[in-house]
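In what follows, a structure is listed as structure tokens, so that the remarks can point back to it.
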Amino acid sequence: MPASLVVFLVAVPLSLGIAMASGAPLAAGLIAAVVGGIVAGSLGGSAIQVSGPAAGLSLVVADLVQTYGWRATCMITLLAGAVQLLLGLFRAARAALAVSPAVIHGMLAGVGVVIALSQLHIVLGGSPQRSALANVMELPAQVAAMHGHTVAVGLLTIVVLTLWTRLPKQVKAVPAPLAALLAAAVTAWVFRWDVTRVDLSGSLGELAFPVLPNGDWHQIVAAVLLVALLAGVESLLCSVAVDSMHTGRRADLDQELTGQGAANMVAGALGGLPVAGVIVRSTANAQAGARTRVSAILHGVWVLVFALGFGWTIKLIPMEALAALLVFIGVQMVNLGHVRKVHGHGEVPVYMVTMAAVVFLGLAEGVLAGLALAALLALRRLTWVTVKIREMPDRRWHASICGSLTFLGVPRLTHELRAIPGGAAVDLDLNIDFMDNAAFEAIHSWRLGHERLGGTVDIDELHDEWYALAASGARMFPAKTPPATPERWWLPWAHRRRRPAWQAVPQQEAPAPAECQLTAGAREFHRRTAPLVRPILTELARKQQPTHLFITCADSRVVPSLITASGPGDLFTVRNIGNLVPRKGAEPHDDSVVAAIEYATQVLGVHTITVCGHSGCGAMAGLLSGGVKAGSLPGMRRWLRHGHHSLARFIESAEGPLDSRALDQLCRVNVQQQLENLRTYRKVDEQVREGRLELVGLYFDIGSARVHMMPPLPSTVSVRI
């Protein structure tokens with residue numbers, strides 16, 4: 001109820017102002033507000049969106065009224081609603097979201113400029129011209145001949161609208177448009193100013209049943225589609241924006257489009273303006289605490305009650321105050337926040353072209369110009385290719401090609417590749433998401449020519465294997481995405497792709513001896529990874545400041561940086577057989593783990609000590625076998641004594657005979673026991689009690705590639721050694 005009253009107070013002045021800007025009867029704005037609230041609110045798919053006459057459609061409606069007349073415009077509104085209804089039933093709402101937001105924001109900004117320029121003439125006591133350019137050219141004469149009372153009413157309205165947001169919260173409970181119109185009406189009545197009054201009774205006489213428009217049916221169909229699409233897209237974008245303002249049910253866009261279509265059919269039949277979801281009223285609804293569509297429906301009821309019972313009060317509002325309200329709304333539609341958003345995506349040209357075309361050419365022309373430019377920019381991004389070539393310190397050349405490789409990028413691609421001197425060793429990285437035949441032929445021909453001159457080309461594809469598939473004779477456009485086996489750092493050497501047939505060593509070259517994998521890996525690091533991590537490592541070279549001491553098993557399948565998503569400088573790592581932490585004073589004596597604990601906690605000041613075990617641990621298997629599996633390894637048998645407490649804990653807590661899961665259960669218990677062992681060191685225990693150090697247990701299930709948190713052991717379990 002409170003939310004519906006707030007929206008009602010916002011809707012009445014805005015509906016009157018938009019009707020005036022549209023050149024329609026003023027009552028048509030109130031009819032659209034009633035229908036938008038009751039019909040669209042009842043049938044729509046958004047919980048708190050409020051529909052009604054929209055300022056963004058005022059230019060279209062004004063042009064239709066001038067071309068076909070008001071009754072024919074109502075029929076166009078009705079037919080546009082039928083189109084929206086069909087689109088919603090065929091579930092086409094999502095397609096409307098494919099329109100670039102830069103086009104929508106630019107269109108609204110252009111509409112705002114046109115509204116502000118035209119209504120400014122009314123504030124100055126004159127009449128608006130037929131075009132924005134004519135309004136600009138006529139403005140100096142209007143300023144020179146402006147009328148005192150009308151200008152005073154307009155300025156008062158704008159001042160109240162501007163200052164209202166800075167007043168205390170209790171005062172702002174009254175919507176700013178209502179407060180501004182009340183202030184203008186009261187001031188004009190008290191001082192007996194000569195102003196033009198709003199006459200609602202006269203506009204009621206203009207309402208009638210819609211009639212079919214006369215004229216070229218192609219233009220009529222275009223007008224119907226324009227109203228349907230603009231109103232539909234604005235409603236759907238508003239619905240998506242409103243979803244972020246509340247935590248209730250998300251909007252059903254197809255149902256919302258269906259509801260908007262039904263509302264426009266009813267509004268056209270009753271002589272109202274086109275209906276769309278409106279962000280100003282929807283925002284007011286959300287901020288007032290609305291949770292369901294009931295508030296939108298009730299707001300329409302209140303507008304209906306007001307129009308029927310208290311419509312006579314509208315004649316107290318000065319027409320110049322409504323015009324000033326529209327000037328203020330028009331200026332606000334040029335939203336700098338939208339400019340900043342589209343600037344981050346390089347779409348400012350789309351925004352500016354759309355706005356300028358709407359102002360100087362017309363709404364339909366502006367939208368088409370914006371869509372065309374947005375499509376051209378999208379095509380340019382899809383076909384843009386980045387080529388970077390540099391000479392490395394080891395006299396090798398590194399070339400990197402990124403983007404979508406099409407025939408449009410071939411001239412630049414070949415120009416850059418031919419800059420590499422003949423006979424050089426080249427590492428070519430292809431980080432591409434598409435390659436057509438022209439691009440493949442360009443790269444392939446260059447590679448063959450470069451190798452004929454004695455050079456070498458080592459090609460590495462970081463994304464899909466477009467080049468490899470084409471070179472091996474496979475189809476360039478498989479039914480599914482090409483299988484990708486990129487050389488990621490976390491892949492084992494055995495899983496990385498070998499030199500393909502198309503990169504076979506030429507016969508004239510003598511076969512080189514097999515290279516050590518570590519040596520090859522170091523060379524790969526220098527070539528690819530070192531340039532990327534050098535800035536970070538240069539900074540870390542001054543001082544290490546890890547936040548975690550990570551104690552884990554020496555098992556080759558456990559990679560700490562992989563399972564913790566950590567990077568250089570994050571982990572101070574200790575690895576040993578079984579991720580064991582010898583207890584204080586335990587035999588056999590071992591200082592390696594103790595030294596790491598002391599250095600990490602007392603010098604580096606780590607915040608966390610993590611013990612990480614894993615499934616299928618060989619050390620735990622040796623414990624379970626009673627040392628049998630470590631029979632010929634005396635050092636291993638001595639080291640495993642530090643796991644006896646874990647084995648005792650496991651046996652104490654085991655229920656029934658041991659089964660195939662015993663090993664992994666022991667691996668989990670071992671992690672918990674090592675956390676207990678850490679507390680045997682006084683400094684560690686003190687820091688834990690003071691809250692400066694946290695002990696964390698992790699268990700890595702290798703088979704499922706999942707990391708589990710391990711809770712501390714219950715303190716009530718007794719341990720017998």
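Normalised by the number of residues in segment 123-247, the mean separation of alpha-carbon contacts (under 8 Å, six or more apart) gives a relative contact order of 18 percent.
Which FRET efficiency value, to the nearest 0.05, is calculated for Leu212 and Asn437 with the Förster distance at 51 angstrom and r the Cβ-Cβ distance? Intermediate values should be presented prior to the final figure.
Details: r = 54 Å, r/R0 = 1.06.
So the FRET efficiency works out to roughly 0.40.
In this structure, the amide hydrogen of Ile317, modeled 1.01 Å from its nitrogen in the peptide plane, lies closer than 5 angstrom to those of Val198, counting only residues at least 5 positions away or on a different chain.
Note on volume of the Cα convex hull per residue in Å³: of the candidates (i) 180; (ii) 209; (iii) 272, the value calculated from this structure sits at (iii).
Near Lys543, which lysines are there with a Cα under 26 Å away, not counting those fewer than 8 places off in the same chain? Within the straight-line cut-off, Lys543 pairs with Lys683.
Using a Förster distance of 25 angstrom, determine the FRET efficiency expected from the C-beta separation of Arg523 and Lys388, and round it to 0.05.
Numbers: r = 20 Å, r/R0 = 0.82.
FRET efficiency, Arg523 to Lys388: 0.75.
Helical content alone sets the calculated 222 nm signal of the chain at -16500 deg cm²/dmol, taking -39,500 (n - 2.57) per DSSP H segment of four or more residues and averaging over every residue. The residue among Asn670, Val327, Trp446 whose Cα reaches farthest toward the positive pole of the charge dipole of the chain, with charges on the beta-carbon of Lys, Arg, Asp and Glu, is Asn670.
With the charge dipole of the chain set up from +1 on Lys and Arg Cβ and -1 on Asp and Glu Cβ about the Cα centre, the Cα lying farthest toward the positive end among the listed residues Met636, Cys612, Ala251 is that of Met636.
Sparse packing (at most 13 other Cβ atoms within 10 Å of the Cβ) combined with a DSSP loop state is found for the following chymotrypsin sites (Phe, Trp or Tyr not before Pro) in segment 17-108: Phe90.
Using only alpha carbon pairs under 8 Å that are at least six residues apart, calculate the relative contact order of segment 4-97 and give it in whole percent. Numbers along the way, then the final one.
Numbers: 67 pairs, mean separation 21.9, N = 94.
About 23 percent, as a whole number.
Peptides 290-303, 365-378, ordered by how many other C-beta atoms sit within 10 Å of their residues on average, highest first, read 290-303, 365-378.
Would you please name the trypsin sites (Lys or Arg not before Pro) within segment 390-474 that are DSSP coil residues with at most 10 other C-beta atoms within 10 Å of their C-beta? Numbers along the way, then the final one.
On the way: sites: Arg390, Arg395, Arg396, Arg412, Arg418, Arg447, Arg452; in loops: Arg395, Arg396, Arg418.
Those that pass, being in a loop and sparsely packed, are Arg395.
Each label point was placed 7 Å from the Cα along the Cα-to-Cβ direction; for Tyr599 and Arg340 their separation is 4.8 nm.
Computed from the Cβ-Cβ distance with R0 of 30 Å, the FRET efficiency linking Leu163 to Thr313 stands at 0.75.
In sequence order, segment 288-299 has phi-based couplings of 7, x, 5, 10, 10, 6, 4, 5, 5, 5, 5, 4 Hz under the Karplus curve 6.51 cos²θ - 1.76 cosθ + 1.60, θ = phi - 60°, and Gly or Pro positions carry x. Taking label positions 7 Å along the Cα-Cβ direction at both Gln665 and Arg197, the computed distance is 9.2 nm, reported to one decimal. Heavy atoms of the protein chains alone define the surface here; on that basis the chain has 50 Å² accessible area per residue at 1.4 Å probe size. The modelled label-to-label distance for the pair Thr538/Ser566, using points 7 Å beyond Cα in the direction of Cβ, is 2.6 nm. Here Val331 sits with roughly 90 square angstrom of accessible surface, probe radius 1.4 Å.
Evaluating 6.51 cos²θ - 1.76 cosθ + 1.60 at θ = phi - 60° for every residue in segment 101-111, the Karplus couplings come out as x, 4, 5, 5, 5, x, 4, 5, 5, x, 4 Hz, glycine and proline recorded as x. Taken as Cα centroids, segment 605-629 and segment 5-41 sit 73 Å apart, rounded to the nearest whole angstrom. Ranking Val385, Val350, Val426 by how far each Cα lies toward the positive end of the dipole of the chain (charges on Cβ) leaves Val426 at the top. Between Trp397 and Met392, Ala425, Val426, Asp427, the built amide H atoms are under 5 Å apart, and every one of these is 5 or more places off in sequence or on another chain. Of the trypsin sites (Lys or Arg not before Pro) found in segment 132-185, those in coil by DSSP whose Cβ has at most 16 other Cβ atoms within 10 Å are Lys169.
Take every Cα pair under 8 Å whose residues are at least 6 apart in sequence, average their separation, divide by the length of the chain, and the relative contact order is 15 percent. Which of rounded, prolate, oblate describes segment 4-142, given a ≥ b ≥ c as roots of the alpha-carbon gyration tensor eigenvalues and a/c under 1.5 marking rounded, otherwise prolate only if a/b is larger than b/c? Judged from the Cα gyration tensor, segment 4-142 comes out prolate (a/c at least 1.5, a/b above b/c).
Apply the a/c threshold of 1.5 to the C-alpha gyration tensor of segment 87-177 and tell me whether it is rounded, prolate or oblate. In terms of gyration-tensor shape, oblate. How would segment 564-642 be classified by its alpha-carbon gyration tensor: rounded, prolate or oblate, with rounded meaning a/c under 1.5 and the a/b versus b/c comparison settling the rest? Oblate, since a/c reaches 1.5 and b/c is not below a/b. The amide H of Val559, built 1.01 Å from its N in the peptide plane, has no neighbour under 5 Å, considering only residues 5 or more places off or on other chains. Whole-Hz Karplus values for segment 121-135 come out as 5, 5, 4, 7, x, x, 10, x, 8, 7, 9, 5, 5, 5, 5 Hz, taken residue by residue from phi with 6.51 cos²θ - 1.76 cosθ + 1.60 and θ = phi - 60°; glycine and proline positions read x. Solvent-accessible area of the chain (1.4 angstrom probe, protein heavy atoms only): carbon and sulfur portion equals 62 percent.
The values are calculated or read from the model by the stated rules, or taken from the named source; none is laboratory data. These numbers come from a predicted model, not from an experiment. All Cβ positions, glycine included, derive from the backbone under ideal geometry; neighbour counts span all protein chains shown. Note: areas computed on protein heavy atoms with side chains; ligands, DNA, RNA excluded. Shrake-Rupley method; radii C 1.70, N 1.55, O 1.52, S 1.80 Å.
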